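These notes are about the structure you will find just below.
What follows draws every value from the coordinates through simple rules; no lab data is involved. In this text the structure is predicted, and so the values were computed from the model without any measurement. Don't worry about glycine lacking a Cβ; one is built from the backbone with ideal geometry, like all the others, and counts go over all protein chains shown.
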Amino acid sequence: MQKGTSNPSLKSAGKKRALPDDGPVAGPSGTHANNFFPLFARPAKQAKSEHDTASAQAFRWIQPTPFLPGVRTTSCLYGVNKEPDLHPKIAIFDLDGTVIKSTFAKAKSKVLFEWWNKTVPVKLKELHEDGYAIVFISNQNLGDTRVKSWKTKFNAIAESLPDLPFRIFAATDKDIFRKPLPGMWYALESIYKSGDVSIDIDASFYVGDAAGRSGDFAGTDRKFASNAGLKFFTPEEYFLDLKSTPHSLKGFNASVLAMDGPTVLPSSTPIVPPKLQPCVPEIVLFVGYPSSGKTAFFKRHFEASAYEHIDESVLKTRSKYLPAIESSIKNGVSCVVETVDSSRGHRKLFLDLAQRLSCSIRCFAFQASFDLAWHNNIYRALGKPVLAAHRSRVYEPWEMRSLTPKSNFETYKATHEEPTLAEGFGEIKKVHWKFEGEEEERRLWNMWLQIDGK
């Protein structure tokens with residue numbers, strides 16, 4: 001497989017790249033067809049139920065899925081053709097735009113599928129003969145009705161590859177299994193681990209068309225390969241032996257985020273003041289995006305000093321959180337308040353309350369950007385549960401929360417006003433986000449974590 005410059009004959013067409021005209025392709029029976037298979041052309045053999053356990057010759061969908069115990073896996077379809085062995089070397093392929101042309105996913109298409117190029121089934125057979133396990137993975141964000149149709153259509157691919165054992169994973173929701181998130185790779189690792197077989201990462205590779213090139217609709221396939229630590233090829237590079245073309249990956253890349261320098265500024269005053277006698281309680285207002293590290297910072301610095309934790313997102317209304325703050329201060333207990341609204345007008349509620357209660361109030365402004373906070377949100381909600389189940393990690397409930405809607409982040413951004421001392425705060429500290437965790441957690445956090453976008 002060569003790498004280098006692109007073939008100038010390949011041009012963008014719509015959202016998918018234009019394909020070479022490769023002429024007729026052999027169908028399932030060995031006869032030549034016009035590179036496609038009409039829907040329901042062989043109704044007696046085409047569709048097999050996912051519950052069909054007929055023989056090693058049949059393609060079947062497997063339920064329940066035999067991977068990642070403890071993780072919701074119903075959104076990831078899993079099927080096998082024949083009885084695929086657990087070969088250490090794995091050749092993984094995207095489906096639409098890589099193995100087959102993208103018309104495959106269209107529910108009303110009269111064409112069952114077309115090979116991306118006539119070399120595809122030949123190359124797949126060669127890989128199998130060379131001792132590779134063949135795996136297909138695909139993002140299929142479809143409703144229940146379209147998923148059923150898609151599964152029926154996929155049977156035709158297996159029928160056209162009667163002697164090729166393979167596995168197929170298909171993500172049907174915006175969760176940990178959706179590329180470039182590593183869920184389908186973790187699922188494959190889990191299957192290999194249960195069979196006591198180690199994957200040969202150096203010999204394995206991934207082929208996909210969403211490579212971040214000019215004319216590509218996305219870069220999610222290249223990102224997935226990076227997340228899994230696999231060598232990556234485009235269909236043109238792998239099947240046609242063409243040279244590589246320049247690419248650029250969009251989105252938030254956590255692995256290049258600079259995290260040097262002090263975490264809290266200014267650092268000339270303590271985060272938690274020394275206890276005074278008699279105790280003088282204070283209000284500490286935390287301002288920052290969801291998933292910007294506010295709760296972790298409280299746990300690390302304030303909990304041991306017996307500060308009460310009041311989370312506005314939990315109490316919801318001012319009729320609940322303002323009385324909770326007042327009760328805490330009147331009982332001589334300092335409190336940390338996490339706010340979900342960073343407007344100057346909203347902060348005035350707490351400043352006025354502090355003035356009425358004759359107590360001091362400080363502000364900690366968490367500096368995580370929109371993109372960083374959204375990345376943390378996905379890591380916490382979708383990544384950590386997999387580490388907990390698949391890697392035997394142990395987390396406190398506050399460390400694994402459900403996914404916060406993106407609209408919450410957008411609302412925060414739209415209403416944000418930077419806090420100032422002129423508002424009445426005794427001090428404002430800026431908190432710069434830094435990752436804290438073990439090596440395996442850091443590796444996951446460094447990945448391309450996205451459920452939408454390119």
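Quick notes on this one:
- Taking amide H positions as modeled 1.01 Å from N, with prolines and chain starts lacking one, the residues under 5 Å from F364 and 5 or more places away or on another chain are L285, F286, V287, K429.
- Dividing the mean sequence gap of close Cα pairs (under 8 Å, 6+ apart) by how many residues segment 264-445 holds gives a relative contact order of 31 percent.
- Alpha carbon centroid spacing (whole Å) that separates segment 177-250 from segment 82-102: 11
- Helical contribution to [θ] at 222 nm, DSSP H n ≥ 4, -39,500 (n - 2.57), averaged over the chain, rounded to 500: -8000 deg cm²/dmol
- When each of K193/K223; K179/K294; K123/K174; K153/K231 is checked by Cα-Cα distance, pairs over 26 Å: K179/K294; K123/K174; K153/K231
- Across segment 124-133, coupling constants 3J(HN,Hα) worked out from phi with the 6.51/-1.76/1.60 Karplus curve, θ = phi - 60°, read 4, 5, 4, 4, 4, 5, 8, x, 8, 7 Hz, and Gly and Pro carry x.
- Segment 264-445: Rg to Rh, with Rh as the Kirkwood radius over Cα pairs: 0.97
- Under the convention that each Lys and Arg Cβ holds +1 and each Asp and Glu Cβ holds -1, the size of the dipole of the chain around its Cα centre is about 1040 debye.
- Gain upon complete extension [V256, R318; 0.36 nm per residue less C-alpha separation]: 18.3 nm
- Distances between placed amide hydrogens fall under 5 Å for S204 paired with I90, all partners being 5 or more residues away or on another chain.
- Three-way shape label, segment 183-261, alpha-carbon gyration tensor, a/c 1.5: oblate
- Cross-link pairs K82/K243; K275/K384; K148/K406; K82/K454; K151/K384; K101/K384 - those with Cα-Cα distance over 32 Å: K82/K243; K275/K384; K82/K454; K101/K384
- With the charge dipole of the chain set up from +1 on Lys and Arg Cβ and -1 on Asp and Glu Cβ about the Cα centre, the Cα lying farthest toward the positive end among the listed residues G131, G79, H346 is that of H346.
- Segment 272-327 and segment 147-169: distance between their alpha carbon centers, rounded to Å: 55
- Values (i) 141, 46, 37; (ii) 91, 47, 40; (iii) 81, 56, 46 are given for comparison; Cα extents along the principal axes in Å, derived from the coordinates here, is the one labelled (ii).
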